[in-house]
Amino acid sequence: MTAAIPTCGPDTGPDEMFDLLSDAGCLVVRELATTEQMAAVRAELADHVAAAPAGEDDPAEFYPGKTHRVVALMHRSETMRGLLMHPTVEALGDRHLGTDGGPWTLNVSAALEVGPGARDQVLHREEDLYPFFELPRPNLILASMWAVTDFTADNGGTQLVPGSHRWGADRQATPDEIVRAEMPAGSVLFWLGGTLHGAGANVTDGWRYGVILTYNLGWLRQEENQGVSMPLGDALALPAEMQERLGFGMNYGGGLGFYDPRPVLGADS
Ligand SMILES: O=C(O)CCC(=O)C(=O)O
């Protein structure tokens, strides 16, 4: 029988939200962002999205065609930078990734606009980046998808396999175990790094627009290299807690990631 994706409102308590998320491996929280915030994200990224080729599909590729992808969002969208540390994200991140008291970081940021005719993406786990652990892996990643447009079962709503975060390597998802996230714009889909998921096929005439932000343990290498996605001077001008979330803090896992923030002697700038 197909399991559902649990859904709650923005006022649900963080412990209850985390229980739902931990149990199913995924959770939709409705109405976390306003219509104005989602419109601002769209406006801030419009030029980048327009310049990103959607491309034809190659079935052998991990990323389906007919999809716009834009990364480096922390430098490109002030509104997304503001949502990076939304209180609900912080509450769920602290519970999933901060259990040893250590810092956790932004792993990847991307705007994903799935176009008409895009196919289902192959199911995968965010934690497949770190194959050094056997399945089911320890908690390494928390993923979020901010819905800029409505997500439906037909327009590319993310495919998820509830419960798959507990599976070993020998278990494959059957078609009846795959659910598609449906949520109005402004909602956020959260899923754990061990949950099987992928972009959904879009069989409509419209575009499904979402912004994915994933977070990982601070002692893991970040998938997106923030050090070159954002000029260092801009990063160092941000509040200290945001620098840390972006990976510009020091002492992750004890002594990882240190640097001297003063200008390097002999460098031009
Ligand atoms: O667009 C989505 O719904 C999921 C995207 C994803 O899993 C990916 O890009 O790897």
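The values are calculated or read from the model by the stated rules, or taken from the named source; none is laboratory data. These numbers were taken from a predicted model, which means no experiment stands behind them. Don't worry about glycine lacking a Cβ; one is built from the backbone with ideal geometry, like all the others, and counts go over all protein chains shown. The area values use the complete protein model at the heavy-atom level, side chains included, leaving out ligands, DNA and RNA. Shrake-Rupley method; radii C 1.70, N 1.55, O 1.52, S 1.80 Å.
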Rounded D (µm²/s) - the chain, Kirkwood Rh over Cα pairs, Stokes-Einstein at 25 °C, 0.890 mPa s: 129 µm²/s
Exposure ranking of GLU61, GLU244, GLU78 by accessible area [1.4 Å probe, largest first]: GLU78, GLU61, GLU244
Rounded to 5, percent antiparallel among DSSP beta bridges of the chain: 95 percent
Lys, Arg +1 and Asp, Glu -1 on Cβ, resulting dipole of the chain about Cα centre, debye, nearest 20: 240 debye
Rel. contact order, % - alpha carbon contacts under 8 angstrom, at least six apart, the range 20-161: 25 percent
Relative contact order of the range 131-193, defined on C-alpha pairs under 8 angstrom at six or more residues apart (%): 52 percent
Accessible surface, 1.4 Å probe, highest first, among residues ARG42, ARG125: ARG42, ARG125
Relative contact order of the chain, pairs being alpha-carbon contacts under 8 Å that are 6 or more residues apart, as %: 25 percent
Under 15 Å, Cβ to Cβ, from THR67 - net charge with Lys/Arg +1 and Asp/Glu -1: -2
Accessible surface of ARG30 - all protein chains present, 1.4 Å probe, nearest 10 Å²: 90 Å²
By average C-beta atoms within 10 angstrom, highest first, the peptides 213-225, 11-23: 213-225, 11-23
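Using heavy-atom solvent-accessible surface (probe 1.4 Å) with all chains present, what is the largest-first order of ARG171, ARG137?
ARG171, ARG137
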Net charge of neighbours whose Cβ lies under 14 Å from the Cβ of PRO261, counting Lys and Arg as +1 and Asp and Glu as -1: -2
Net charge contributed by nearby residues that have their C-beta within less than 11 Å of ARG76 (K/R +1, D/E -1): -2
